[in-house]
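Visitor: Starting off with a structure, shown below.
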Amino acid sequence: MAGEQPEPQEFSRFSGTFTRIGRKLATGSHQNPSPMTEKVIFFDIDGTLLNTGGAGQRAMERALTAEFQIDFPFDGVLTAGRTDRGITDEILERYSFDNTAQNRARFQEAYLAQLPMSLRDSPGLLLPKIRELLEQLSLHGHVTLSLLTGNYAEGAWIKLRHYELDHFFQFGGFGDHDANRNNVAQVAIEVASRELDRAVDGSETMVIGDTPADIQCAQAIGAKCVAVATGVYSSIELEPYNPDHLFEDFADTDKVVERILAML
Ligand SMILES: [Mg+2]
């Protein structure tokens with residue numbers, strides 16, 4: 001992992017499920033001049049809401065075999081925090097296929113065809129108390145739940161439907177067209193503005209995700225950022241990227257919701 005490690009004496013802050021980061025702790029709902037202004041929370045999917053048990057990667061491997069006749073070893077291909085477009089670009093380059101719209105579409109369609117079966121075959125799970133978290137946040141009328149994910153849009157909805165989370169979300173930014181997650185975040189703001197029929201500013205939004213790329217894309221759009229260590233990155237690895245808040249997991253629903261609402 002790149003980045004500076006935290007001072008040893010700060011390690012104690014990472015105990016339990018509710019971890020505070022020193023920066024911006026003064027932020028509170030009392031500072032919000034208009035508490036009922038609609039706010040948007042952008043959720044990442046993999047490692048944040050759910051763990052597919054490798055179904056996504058397995059579906060990509062099967063797609064490569066079926067469509068490109070590659071018995072694909074995924075070794076060395078980083079997927080966490082990346083966009084499906086970025087992964088596609090790397091795969092096509094690695095196997096010397098032209099990176100054309102046609103080849104990208106062939107891979108995408110083959111992957112999406114494999115994904116439902118792969119999800120059914122994999123030991124995936126919802127991460128701790130995610131349904132409770134989304135249900136509680138949904139009760140707050142000024143909060144809109146949205147997505148900011150590297151998944152292809154259709155892949156995102158397939159995963160969310162599989163875990164019966166799709167009804168919590170109406171729109172989002174997806175990884176179909178951008179290898180750079182920061183660009184996906186910008187698109188997510190534009191989509192939110194269109195859907196809410198007003199100019200949404202990054203400062204009125206929050207990004208919740210499990211990788212350094214989630215933190216960095218939140219910072220790129222001026223969003224608040226909540227990181228959670230339920231993916232492949234530990235809290236000690238995430239902390240140097242300076243999320244506004246860092247949770248070990250979302251198991252303590254009441255405290256998590258309280259903190260998120262105070263930060264918005
Ligand atoms: Mg993730």
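Read-outs: derived from the displayed coordinates by stated rules, not from any lab. For clarity, every value in this text was computed on a predicted model and none was experimentally measured. We place every Cβ from the backbone using ideal geometry, glycine too, and count neighbours over all the protein chains shown.
Visitor: What is the sum of charges around VAL184, taking Lys and Arg as +1, Asp and Glu as -1, for the other residues whose C-beta is under 11 Å from the C-beta of VAL184?
Guide: Values: positive: ARG82, ARG85, ARG181; negative: ASP44, ASP84, ASP176, ASP178, GLU190, ASP214.
Result for the local shell: -3.
Visitor: For LYS39, enumerate residues with amide H under 5 Å from its amide H, sequence gap 5+ or separate chain, H modeled in the peptide plane.
Guide: Amide H neighbours of LYS39: VAL143, THR144.
Visitor: Lys and Arg at +1, Asp and Glu at -1: add these up for the other residues within a Cβ distance under 13 Å of ASP166 and post the number.
Guide: Neighbour charge sum, excluding ASP166 itself: +1.
Visitor: Just to check I understand the Karplus step: with θ = phi - 60° and J = 6.51 cos²θ - 1.76 cosθ + 1.60, what whole-Hz values come out for the range 81-88, glycine and proline as x?
Guide: x, 8, 9, 4, 5, x, 5, 4
Visitor: Report, for the chain, the % of DSSP beta bridges that are antiparallel, rounded to 5.
Guide: The antiparallel fraction comes to roughly 15 percent.
Visitor: Two decimals is fine: what is log10 I(q)/I(0) at q = 0.15, 0.19, 0.22, 0.25 Å⁻¹ for the range 55-121, from a Debye sum with one equal scatterer on every Cα and no solvent?
Guide: Taken in order of the listed q values, log10 I(q)/I(0) reads -0.41, -0.67, -0.92, -1.21.
Visitor: Calculate how steeply helix 55-68 sits against the longest principal axis of the alpha-carbon atoms of the chain, using the helix alpha-carbon long axis, and give the answer as 0 to 90 degrees to the nearest 10.
Guide: For 55-68 against the chain, the angle is about 30 degrees.
Visitor: Right, next: What list of ³J(HN,Hα) couplings, whole Hz, do you get for the range 106-118 from phi and the Karplus terms 6.51, -1.76, 1.60, once you set θ to phi - 60° and write x for glycine and proline?
Guide: With coefficients 6.51, -1.76 and 1.60, one gets 4, 5, 4, 5, 5, 5, 5, 5, 7, 4, x, 5, 5 Hz.
Visitor: Take the Cα radius of gyration of the chain and divide it by 2.2 N^0.38 Å, with N its residue count; two decimals is plenty.
Guide: 1.00
Visitor: List every residue whose amide H lies under 5 Å from the amide H of GLY172, counting only residues 5 or more places away in sequence or on a different chain, with H placed 1.01 Å from N in the peptide plane.
Guide: Correct list: LEU147.
Visitor: Please list, in order along the range 248-262, the HN-Hα scalar couplings obtained from phi with the Karplus expression 6.51 cos²θ - 1.76 cosθ + 1.60 (θ = phi - 60°), rounded to whole Hz, x for Gly and Pro.
Guide: Once rounded to whole Hz, the list reads 5, 7, 9, 5, 8, 3, 4, 5, 5, 5, 4, 5, 4, 5, 5.
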